[in-house]
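Worksheet: the structure to be examined is printed underneath.
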Amino acid sequence: MPIHDVGYRPWNPPAGRLWLRWLVIASAGIRLVWKNHWLRRMLFFAWLPAAAIGFVIFVYEQGFERREMRAVIPIILRTFDQEAGTRIANLVAEDPSAARHRVWSFLLLVFFRQPQAVLMVLLVGLIAPPLISQDVRSRAFLLYFSRPLTPVEYVWGKAVVIWAYLAAVTTVPALVLYVLGVFLSPSLDVLWFTWDIPLRILAASAVLLVPTAALALFFSSLTTESRYAGFAWFAVWGLGWAAYATLTEVSELNRQWELMSLYHVLGRVQAWVFDLHPDSSAVTSAALLLVILTAFPTIVLLVRVTAPLRV
């Protein structure tokens, strides 16, 4: 006669916590990635460009009271981007107050596009390749899905790991820059001109985070070797940039080749989000490509994740 019955025991968790099951995977992944010393160093240096952009915003806002500081703004804007910087510098010369929204949006776009975009590629290339490939190699799916966890929640938890670190180097510094810009302004009238910029920061972050995470996890799910997934990730960015640079050298119509480079596709859509793209119709093809680069990898990713359950 057994002392206790070792049989089937139903699992009845509190109903209010079912929608947080993905958080277990996300928190475990975030803690595991945080152990990487190189990643912590990258996060530290990721905030240095924010300090530089914050200084430019300070100079611009102080230029309303000091003309000598206002004269420096056009030079700085042209340094970041000759064409767009010149266009915005002309607006500043006409009416600095009315051009405030454009200047802030332009500086935040520069922050997203130049230092943080390069850092994003390195950061995701460091984080994403082992997230699913290691589970494929060890067949950890059998352990994950023996619990009340769905494949969608599993994929969502893995994506949150990437989103958390990308937001730490893009969204959070950009929002901090906006808050500092408000406090550094000579008056709170700046809120009237720039109230929508935080919303644009969140939208531009979504444009960056969602497709890149889907593509990186897609590569990670295709192989059991993390190095192959990392190679595919860097190849997409490197070869796309090289193809764009090569084709623009032999053609005067640079914009028709932007779709060859994922970096430039993201830049076109983000510029539209910040209301800095002169031709809204040209954004349609770039936005459609990002939708495809999100939907197709996600579908394949879910198929790959659920494959062990069908064996």
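All of the numbers you see were taken from the coordinates with simple rules; none came from a lab. Keep in mind that this is a model prediction, so the values were computed, not measured. Note that we place each Cβ from the backbone using ideal geometry, even for glycine, and neighbour counts take in every protein chain shown.
Summary table below
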item: Rg/Rg_globular for the range 91-141, with Rg_globular taken as 2.2 N^0.38 Å and Rg from C-alpha atoms; result: 2.08
item: For Leu217, net neighbour charge (Lys/Arg +1, Asp/Glu -1) across residues whose Cβ lies under 13 Å away; result: +1
item: Using alpha carbons only: equivalent-ellipsoid semi-axes of the range 109-218, gyration tensor based, whole Å; result: 36, 15, 10
item: Length gained when the stretch Leu39-Ala168 is fully extended (0.36 nm per residue, less Cα-Cα span); result: 45.3 nm
item: With at most 15 other Cβ atoms within 10 Å, longest stretch of the chain clear of loop chymotrypsin sites (Phe, Trp or Tyr not before Pro) (DSSP); result: 48-194
item: Residues listed by number, the range 177-192, amide nitrogen under 19 Å from Ala51 label point at 7 Å toward C-beta; result: 177-181, 184
item: GluC sites (Glu not before Pro) lying in DSSP loop within the range 32-111, provided at most 13 other Cβ fall within 10 Å; result: Glu65
item: Mean Kyte hydropathy of -0.5 or more with a Cα span along the axis of at least 15 Å, helices from DSSP in the chain; result: 22-34, 48-62, 82-94, 100-113, 115-127, 151-169, 171-184, 197-221, 226-249, 262-273, 283-310
item: Trypsin sites (Lys or Arg not before Pro) within the range 28-134: DSSP coil, no more than 15 neighbouring Cβ in 10 Å; result: Lys35, Arg66
item: Surface/4 estimate of mean projected area, convex hull on alpha-carbon atoms of the chain, nm²; result: 21.4 nm²
